[in-house]
Amino acid sequence: MPSAESERGGGVLYLVATPIGNLEDMSFRAVRVLGEVDVIAAEDTRRSGQLLHHFKIEAKRLLSFFEGNEAARTDELVAELAAGARVALVTDAGMPGISDPGQRLVARALEAGVRVEVIPGPVAAVTALVGSGLPSERFLFAGFPPRAEGERRALFASLRREVATLVLYEAPDRVKATLADLAAALGGERRAVVARELTKLHEEYARGTLAELAGRELTARGEHTLVVEGASPSQAAEQPVDVETAVRALLAEGLGPKDIASRLAISTGLPRRKLYQLALSLAQPRDD
C-alpha cells in the first residue's frame, strides 16, 4: 500500500531493489512503485530502461544517477522531494547504497525531513553468504577491496582478527590476486567460497580453503562475491604485531631488509618501503 506521506502528497524517496540476475526475483511491490513514482533515478538508464520495458512499466521520468553526477543529482532530487515528488532510486542490480550510489541521497533526504522507504529484494552479498555454508549469524561486508596492492593488503591485515564471516565483492580479473592476498594475510587454511553469476543460468559456488581457491583456475567472467570464514579463537586473541620487534627478530634470523619488508607487508599491512627503511636502519651497526 502507498505510504501515508504519499497519500498526503508529501515527497517520498523509495530505494528499490532490482534483480541481480534472474528477472523472476523482481517483487510485485517493486513493479508497482516504479510505475507510480514521478521520477526514477537510475545508475544506468539504458539498463534500467530494459528492466522497465520487460515489466511493461512506463516511467514518467527516467534520469541518470551514478558516481560521476551523484553530488549534483542529489541536490536536484532533494529539492524535488522537498517539493513533494515521489522518487525511486535503482541501481544496475541489487540494493541501492550497497557498493552503489545511494547513501548520500538517503542522508540528505532524511536531513530534509523526507520519508525514505525501502523496497527490499535481492542482494548479492547476502545471497552468497547464506549459500556459502559458512557461519551467517555474524558477518562483515567489506564491499570492493582497494585496487592498489598496498591499500588492499592493509585492509586484509586489519581483518585478520575479525571473528565475523567476511563478505567482499571483486571484479573477475582481480579475483585470483585478491584470494592470494587474503590467504597471505588471514591464513591459507581459512575456509572460503567464491560465488559467481548468482541467480543466473551459470551460477557457481567454488568452495575450499583460501590457499586452494587461490591456486585453482576459476572462471574469470561474471560478477564475483567472496565469502571468507572469520578468525579462529587463537587468531582473534593474537596481539597486534610489534613491528620493530618483528623486524629485529627477522634480522636475527639472517633475513635482509628486502625480504623482511615483503614478509611483514602482508601481516601488518604497512607499505613495503616503510618496512624496508625500518629494517635498513635497524640493520645498521650502532655507534656505542
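The values are calculated or read from the model by the stated rules, or taken from the named source; none is laboratory data. Everything quoted here is computed from the prediction, not taken from an experiment. Every residue, glycine among them, receives a Cβ derived from its backbone with ideal geometry; neighbour counts consider all protein chains shown.
For a quick check of your reading of the model, give me the residue pairs whose first member lies in the range 209-223 and is touching a residue at least 12 places away in the same chain (Cβ under 8 Å), whose second is β-branched (Val, Ile, Thr), with beta-carbon atoms closer than 8 Å and at least 6 apart or on different chains.
Leu210/Val228; Leu213/Val194; Leu218/Val175; Leu218/Val194; Ala220/Val175; Glu223/Ile20
Within the range 172-202, can you find the residues that are touching a Ser or Thr at 6+ places or on another chain (Cβ under 9 Å), surrounded by fewer than 20 Cβ atoms within 10 Å (Cβ to Cβ) and either not assigned by TED's automatic domain parsing to the domain that holds Val227 or not polar (S, T, N, Q) (or both)?
Once the filter is applied, which keeps residues that are touching a Ser or Thr at 6+ places or on another chain (Cβ under 9 Å), surrounded by fewer than 20 Cβ atoms within 10 Å (Cβ to Cβ) and either not assigned by TED's automatic domain parsing to the domain that holds Val227 or not polar (S, T, N, Q) (or both), the range 172-202 yields Pro172, Ala184, Gly187, Gly188, Glu189, Arg191, Glu197, His202.
Considering (1) surrounded by fewer than 23 Cβ atoms within 10 Å (Cβ to Cβ); (2) touching a helix residue (DSSP H, G or I) at 6+ places or on another chain (Cβ under 9 Å); (3) in a helix (DSSP H, G or I), say which one Gly49 fails and leave the rest.
(2)
Just to be sure, is Pro2 modelled with pLDDT under 95 and not hydrophobic (A, V, I, L, M, F, W, C)? Quick ask: steps written out before the conclusion?
Details: modelled with pLDDT under 95: yes; not hydrophobic (A, V, I, L, M, F, W, C): yes.
Judged against the criteria, Pro2 is a match.
Being assigned to a loop (DSSP other than H, G, I, E, B) and touching a residue at least 24 places away in the same chain (Cβ under 8 Å) is the filter here, so list the residues in the range 184-203 that pass it.
The answer is Gly187, Gly188, Arg190, Glu197, Leu198, Thr199, Lys200, Glu203.
Go through the range 93-106 and give me each residue that's over 17 Å from Val33 (Cα atoms) and either in contact (Cβ under 8 Å) with a residue 40 or more places away in the chain or in a strand (DSSP E or B) (or both).
Passing the criteria: Gly97, Ile98, Ser99, Asp100, Pro101, Gly102, Leu105, Val106.
Write out, first by first residue and then by second, each pair whose Cβ atoms fall under 7 Å of each other, whose residues are 6+ apart or on separate chains, and whose first residue, in the range 43-56, is at positive phi while the second is of a type in the set (Gly, Ala, Ser) and in a helix (DSSP H, G or I).
As it stands, the answer is none, since no pair meets every condition given.
Examine the range 126-139 for a residue that is out of contact with any Gly (no Cβ under 7 Å at 6 or more places or on another chain), more than 24 Å from Pro19 (Cβ to Cβ) and in a helix (DSSP H, G or I), and state whether such a residue exists.
So far as the range 126-139 goes, no, none of its residues is out of contact with any Gly (no Cβ under 7 Å at 6 or more places or on another chain), more than 24 Å from Pro19 (Cβ to Cβ) and in a helix (DSSP H, G or I).
Within the range 108-116, is even one residue at pLDDT 95 or above, under 18 Å from Thr199 (Cα atoms) and in a loop (DSSP other than H, G, I, E, B)?
No; the residues of the range 108-116 include none that is at pLDDT 95 or above, under 18 Å from Thr199 (Cα atoms) and in a loop (DSSP other than H, G, I, E, B).
Considering only residues of the range 239-264 that are hydrophobic (A, V, I, L, M, F, W, C) and within 17 Å of Leu186 (Cα to Cα), which is modelled with the lowest pLDDT?
Val241
If you take the residues in the range 133-154 that are aliphatic (A, V, I, L, M) and crowded, with 16+ Cβ neighbours inside 10 Å, which one is nearest to Leu198 (Cα to Cα)? Before the answer, list the steps.
Within the range 133-154, the first condition is being aliphatic (A, V, I, L, M), and the residues that meet it are 134, 140, 142, 148, 154.
Next, only the ones that are crowded, with 16+ Cβ neighbours inside 10 Å stay: 134, 142, 154.
Details: Leu134: 17, Ala142: 18, Ala154: 29 Å.
Checking each candidate, the answer is Leu134.
Looking at the structure I just gave you, is Glu151 outside the structural domain of Arg263 (by TED's automatic domain parsing), free of Cβ contacts under 8 Å to residues at least 12 places away in the same chain and either within 30 Å of Thr45 (Cβ to Cβ) or outside any loop (DSSP other than H, G, I, E, B) (or both)?
Numbers: outside the structural domain of Arg263 (by TED's automatic domain parsing): yes; free of Cβ contacts under 8 Å to residues at least 12 places away in the same chain: yes; either within 30 Å of Thr45 (Cβ to Cβ) or outside any loop (DSSP other than H, G, I, E, B) (or both): yes.
So Glu151 fits the description; yes.
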